[in-house]
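The values are calculated or read from the model by the stated rules, or taken from the named source; none is laboratory data. No experiment lies behind these values; they were computed from the predicted model shown. Here Cβ is always computed from backbone atoms with ideal geometry, including for glycine, and neighbour counts include all displayed protein chains. With ligands, DNA and RNA removed, areas are computed over all heavy atoms of the protein, side chains included. Shrake-Rupley method; radii C 1.70, N 1.55, O 1.52, S 1.80 Å.
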Amino acid sequence: YSFAWSQKDLVSVWMAYPLSKTYTAKVVDRTDAWAYDPILGKDLSVAPFSGYAGDYARGHQVPSADRLCCKAANEQTFYGTNIIPQLNEHNEGIWQNLENNIRNIANDSDTTYVVTGCVVEGSTIIEKDSDGKNITVPVALFKAVLRYKKGDANVWTAAGFYTEHKNYGSSNEDLKAVSMSIDELEELTGMDF
């Protein structure tokens, strides 16, 4: 995957990666190999070892389940650059449902690309990593998905998803409410996908 790192906020504002059966086919189990990102090193990377306080999980932007093809690929999903402080209810609710749906679509496609990211502008909440560094807690999370499948009129299709960083409660199954066009997602995030 590729990432855009905010040194000020200590989060990746986006992660871009291909997704297919090649990556999701279970060859290895989840490694839980929490580590500094070797590209940034200890001084610049987040230390994701002990997790966050309160209601925040160590949320993956590239899910561990999206990289079960080999040990090295799965270990990379536990680098600090791939982790954000994410509300447990969000991570295990609507976000997990979205990740599972995108994985199912990708497994049934010829080519799929995903951009996952977070919005930190306007956030006033800070969490600390294992080294005591201040990490900005996102106010929203998003995904942009581009897919190609032979036989579907041989065209590329795309969708955007934008979730406020909150507990969605019983609406976790309703992904239509957070889906939109890529143009709409670009308007919300200020990014050009």
Can you tell me which residue within region 5-48, out of those that are touching a helix residue (DSSP H, G or I) at 6+ places or on another chain (Cβ under 7 Å) and of a type in the set (Lys, Arg), is nearest to Val115 (Cα to Cα)?
-> Lys21
Given (1) surrounded by fewer than 18 Cβ atoms within 10 Å (Cβ to Cβ); (2) within 27 Å of Lys42 (Cα to Cα); (3) in contact (Cβ under 8 Å) with a residue 60 or more places away in the chain; (4) not β-branched (Val, Ile, Thr), where does Asn107 come up short, assuming only one miss?
-> (2)
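Evaluate the following for Thr116: is it under 16 Å from Val13 (Cβ atoms), in a helix (DSSP H, G or I) and not aliphatic (A, V, I, L, M)? So that I can check it myself, show each step before the final result.
Working: under 16 Å from Val13 (Cβ atoms): yes; in a helix (DSSP H, G or I): no; not aliphatic (A, V, I, L, M): yes.
Against the criterion (under 16 Å from Val13 (Cβ atoms), in a helix (DSSP H, G or I) and not aliphatic (A, V, I, L, M)), Thr116 does not qualify.
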Among the residues listed as Ala57, Ala33, the single one being in contact with a Phe, Trp or Tyr (Cβ under 8 Å, 6 or more places away or on another chain) and small (Gly, Ala, Ser) = Ala33
For Asp129, state whether it is of a type in the set (D, E, K, R) and open to solvent by less than 40 Å² (accessible area, probe 1.4 Å).
-> yes
Within region 113-126, residues being open to solvent by less than 20 Å² (accessible area, probe 1.4 Å) and among the small types (Gly, Ala, Ser) number 1
Scanning region 124-156 for residues that are small (Gly, Ala, Ser) and in contact (Cβ under 8 Å) with a residue 60 or more places away in the chain gives Ser130
Considering only region 17-32, how many residues are within 17 Å of the chain's Cα centre (by Cα) and of a type outside the set (Val, Ile, Thr)?
-> 7
Condition broken by Asn100, with the remaining ones in (1) open to solvent by 10 Å² or more (accessible area, probe 1.4 Å); (2) within 20 Å of Thr124 (Cα to Cα) satisfied | (2)
